[in-house]
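All remarks here apply to the structure that follows.
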Amino acid sequence: MANSDSSTGVPARRLAFGRRLRALRTRAGLTQAAVAAAAGMDRSFYAEVEAAIHSVSADRIPALARALGVKPHELFQDMPSEPAE
């Protein structure tokens, strides 16, 4: 699968987004349960977004940003513009 992690087949951008969420959450000292509750989503679903099992819709981005105490565009900083193949 092009533009994916070669060992898992998971899209590289999804992996990067999950890592970014985890980094912002740990920097804020929050648990997955706290972020999920503040963003209005189930904790297990949020955990699977961090783990790159699921992705979120654009509709959830503002709520996630608020829950993490950042602006929506900050969720996408430090992500590759073009995923490695």
Meets criteria (touching a residue at least 60 places away in the same chain (Cβ under 8 Å) and not in a helix (DSSP H, G or I)) for MET79: yes
Which one is farthest from ARG13 (Cα to Cα), of the residues in the range 39-60 that are open to solvent by 70 Å² or more (accessible area, probe 1.4 Å) and in a helix (DSSP H, G or I)? ARG43
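Residues ARG66, ARG25: which one is outside any strand (DSSP E or B), open to solvent by 50 Å² or more (accessible area, probe 1.4 Å) and at pLDDT 95 or above? If you could, list the steps in order and put the result at the bottom.
Details: ARG25 fails: open to solvent by 50 Å² or more (accessible area, probe 1.4 Å).
Going through ARG66, ARG25 in turn, just one is outside any strand (DSSP E or B), open to solvent by 50 Å² or more (accessible area, probe 1.4 Å) and at pLDDT 95 or above: ARG66.
The values are calculated or read from the model by the stated rules, or taken from the named source; none is laboratory data. Just so it is clear, the structure is predicted and the values come from calculations on it, not from any experiment. Here Cβ is always computed from backbone atoms with ideal geometry, including for glycine, and neighbour counts include all displayed protein chains. Please note that ligands, DNA and RNA were not included when accessible areas were found on the heavy atoms of the full protein model with its side chains. Shrake-Rupley method; radii C 1.70, N 1.55, O 1.52, S 1.80 Å.
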